[in-house]
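The values are calculated or read from the model by the stated rules, or taken from the named source; none is laboratory data. Note that the coordinates shown come from a computational prediction; the quantities given were computed from them, not determined experimentally. For neighbour counting, all protein chains shown are included, and Cβ atoms are generated from backbone atoms with ideal geometry for every residue, glycine included.
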Amino acid sequence: MPDQGLFPACATVSFAIAFRHQDIERGETEIAKFLAAKPDDVSRERFRRIIYQEVDAAPVVEALKVHDKILSTMSDQLERTRWFAGDEFTLADIALLSYIVRLDHLSLAWMWEDKRAAVGRWLERAKARPGFAGIANYVDPKYLSLMGPRGREVRDRVAASLAH
């Protein structure tokens with residue numbers, strides 16, 4: 001599943017919710033430089049939309065729907081098995097873990113807390129594993145302080161996008 005668009009979807013959602021604010025704070029001149037550094041007109045327009053339209057930009061809505069679909073697939077499986085590929089923690093769990101942790105850091109855990117509770121239980125089991133420190137220790141606290149509040153700010157708009 002990560003190869004089916006999850007990596008670019010995660011990058012898009014992360015940039016739209018949190019990291020675009022860093023560019024905005026630097027001002028229009030820096031935004032222009034950032035956009036000019038993109039390899040082609042399509043990329044420039046895509047990032048321009050994300051910077052100025054945030055979670056309402058079409059690429060972000062598409063990326064949110066990728067996450068939504070994967071969360072549904074995960075939930076369906078995790079209702080039947082303890083881990084994603086069965087009763088043992090495997091590469092399948094490792095492959096998905098960082099993406100779900102990122103959603104959690106972006107205050108998007110509400111996407112699974114009610115109707116997909118199996119994903120939350122899976123995440124808690126994964127966090128309890130000794131190897132989880134490899135993810136937890138990797139995250140820069142200054143990014144966490146940016147991601148969480150920005151994610152809470154856009155929750156209703158994200159939910160509205162997913163409802164359509």
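Is there a residue in the range 138-152 that is part of a helix (DSSP H, G or I), over 26 Å from Phe19 (Cα atoms) and not aromatic (Phe, Trp, Tyr)? Walk me through how you get there before you give the answer.
From the range 138-152, those part of a helix (DSSP H, G or I) are 141-152; that's our starting set.
Keeping just the survivors that are over 26 Å from Phe19 (Cα atoms) gives none.
Scanning the range 138-152 turns up no residue that is part of a helix (DSSP H, G or I), over 26 Å from Phe19 (Cα atoms) and not aromatic (Phe, Trp, Tyr).
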Practice task
Scan the range 95-111 and give yes if some residue there is of a type in the set (S, T, N, Q) and touching a residue at least 12 places away in the same chain (Cβ under 8 Å), otherwise no.
Solution key: yes
Problem - Extreme residue, nearest to Leu96 (Cα to Cα), among residues of the range 49-80 that are surrounded by fewer than 16 Cβ atoms within 10 Å (Cβ to Cβ) and among the small types (Gly, Ala, Ser) - result: Ser72
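Could you go through the range 145-155 and let me know if any residue there is touching a residue at least 12 places away in the same chain (Cβ under 8 Å) and more than 17 Å from the chain's Cα centre (by Cα).
no
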Handout entry: the range 16-46 - residue that is β-branched (Val, Ile, Thr) and touching a residue at least 12 places away in the same chain (Cβ under 8 Å) and, of those, surrounded by the most Cβ atoms within 10 Å (Cβ to Cβ)
Key = Ile17
Problem - Given (1) modelled with pLDDT under 95; (2) touching a helix residue (DSSP H, G or I) at 6+ places or on another chain (Cβ under 9 Å), index of the condition Ser107 fails - result: (1)
